[in-house]
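Peer 1: Could you have a look at this structure, given as structure tokens, before my questions?
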Amino acid sequence: MIIEGPIVRLRRVRRARPLSLAELASSLERRASAFSGDAAAMLRAQAMMARDPVLHDRLAGLIAAGRPFEQALAEAAASFGVSHQDVGELVRDALYEPASTPHPGYAYVLVADSLSVADMMRVDPAEVLGVVTAEGGPTSHAAILARSMGIPYLSGYAVSPELDVIRLELPDPSPVGIAPQRVPLLANISSPADLALAQQTGAEGVGLLRTEFYTDYASVAAAFEGKPIVVRVLDSGARDLGGRDLGGRDLGGRDENPLGVRGIRYLRARPSLLDAQLASLSGMSVSVMAPMVSTVDEARWFRARCARFGITDVGVMIEVPAAALCADEILAEVDFASIGTNDLTQFTLAADRQIGALSSYQDASHPAVLRLVEFVADAGRRLGKPVSVCGEAAADPALASVLIGLGVTSMSVAPAAIPAMRRALWGLGALGEGA
């Protein structure tokens, strides 16, 4: 597929004065209330960071020491444990007016050095054929939002100022060699807006309920009664939350390292936190899975913990190469697996997905990643246990045929991506029943 159109370059205007952190937090919260899903969750997380008194104190101390505001904010945020990408977005939002997207009256390709979530929120998908940025990566916040809007997004490309037309070349999915099978199309849920959109777009169930963002289990159960609902227990310790939930409550630690204490490791160190969550889920018709499992012992421990609360359909997230390579042994302990391709890709290729300079490595179609997916799917087939994909790769129509061919039995995507994925699955003869 080739998308071609005139270039429009996005340029920002420096604010007359920088926003204070309180003003920045309020601005981020307003944007979050106007959006849904992953974008809203990311904006709320950034607002929470901007309101943290520790960040305020460090910023004030650096300014008092003579640092310019831009440098002080970058240093304070970085020392606070915020990701490289979030530091950049906080600084840009504080120093620059939100970029005003042009409306030239014709379709165009938007080109920028970098884009924040706030910038993407102002893009009109009816006018913008595609987005090209020099910085960022395919799993950056802006890229995830672009994908949910159905806008092709390429990062890591320098565009010559002499060019006025650009061609975006995207691979076309091919159903050749695929033995048709029914593949349920499920939704990733992070907010009430996601839940409503999942119903509107005809999701066949919930493949990933992110409980660190959304805890109204009853509303999800009522909306998808009689359909599969997979609840991922708290994935705290991850740097997106900085060791806190979105209400600002301290969950006991911040771990900036994506290979650090997060997921099941975090919960094993705080079993009472997991028990409280499992007690809330007890008696509900849901499946429950643990994030960031890497050993058989972790899977066995999680299953035993769930059994205390009468939860019988228990699964794991496969996000670590070790778990993929031990898929037979791990799946022998649980009932299902869901592959998180975002983390699996960054860990397999040793490339932090928040670092723009490594964006070329954030490719779930890399042979090493696909071989791990195949390894897990084969284990599921041997043991008669389902294997889903719930990472961004599941929302890529170009990868649909590949994942199905490897043996994936269901896909879970952002609700906004369901229509495009439904068309892709129809084309492969693999659309799940009831869609």
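Peer 1: Most exposed first by the Cβ proxy, i.e. fewest other Cβ within 10 Å, how do 101, 345, 201 rank?
Peer 2: Numbers: 101 16, 345 26, 201 19.
By the 10 Å Cβ count, ascending: 101, 201, 345.
Peer 1: Using only the Cα atoms of segment 301-435, what semi-axes does the equivalent ellipsoid have when each is the square root of 5 times a gyration tensor eigenvalue? Give whole Å, largest first.
Peer 2: Details: eigenvalues 113, 83, 39 Å².
Square roots of five times the eigenvalues give 24, 20, 14 Å.
Peer 1: Taking H as built 1.01 Å from N, whose amide H comes closer than 5 Å to the amide H of residue 413, not counting residues under 5 places away?
Peer 2: Amide H neighbours of residue 413: 186, 187, 188.
Peer 1: Stretch residue 60-residue 13 to full length: gain in nm at 0.36 nm per residue minus the Cα-Cα span?
Peer 2: 14.4 nm
Peer 1: Based on alpha-carbon atoms only, what is the radius of gyration of segment 185-428 relative to the globular estimate 2.2 N^0.38 Å? Intermediate values should be presented prior to the final figure.
Peer 2: On the way: Rg = 16.8 Å, N = 244, 2.2 N^0.38 = 17.8 Å.
Rg over 2.2 N^0.38 Å, computed on Cα atoms: 0.94.
Peer 1: In addition: Using Cβ counts within 10 Å as a stand-in for footprinting exposure, how do 275, 343 rank, fewest first? Mind dumping the intermediate values first?
Peer 2: On the way: 275 14, 343 24.
Final ranking by Cβ density, sparse to dense: 275, 343.
Peer 1: In whole Å, how far is the Cα centre of segment 403-422 from that of segment 276-301?
Peer 2: If we compute the Cα centre of each part, the gap is 23 Å.
Peer 1: Same structure again: Which order results if 189, 339, 355 are arranged by neighbouring Cβ count within 10 Å, fewest first?
Peer 2: Details: 189 32, 339 28, 355 18.
Least crowded to most crowded, the residues run 355, 339, 189.
Peer 1: Round to the nearest 0.05 the FRET efficiency obtained for residue 279 and residue 225 when R0 = 35 Å and r is the Cβ-Cβ distance. Provide the component values of the computation, followed by the final result.
Peer 2: Details: r = 21 Å, r/R0 = 0.61.
So, using R0 = 35 Å, E works out to roughly 0.95.
Peer 1: Along segment 293-307, what does the Karplus equation 6.51 cos²θ - 1.76 cosθ + 1.60 (θ = phi - 60°) give for ³J(HN,Hα), rounded to whole Hz, x for Gly and Pro?
Peer 2: 5, 10, 9, 4, 4, 5, 5, 5, 4, 5, 4, 5, 5, 5, 4
Every read-out reported here was derived from the displayed coordinates using simple, explicitly stated rules and does not represent laboratory data. Because the structure is predicted, anything quoted here is derived from the model rather than measured. All Cβ positions, even for glycine, are placed from backbone atoms using ideal geometry, and neighbour counts span all protein chains on display.
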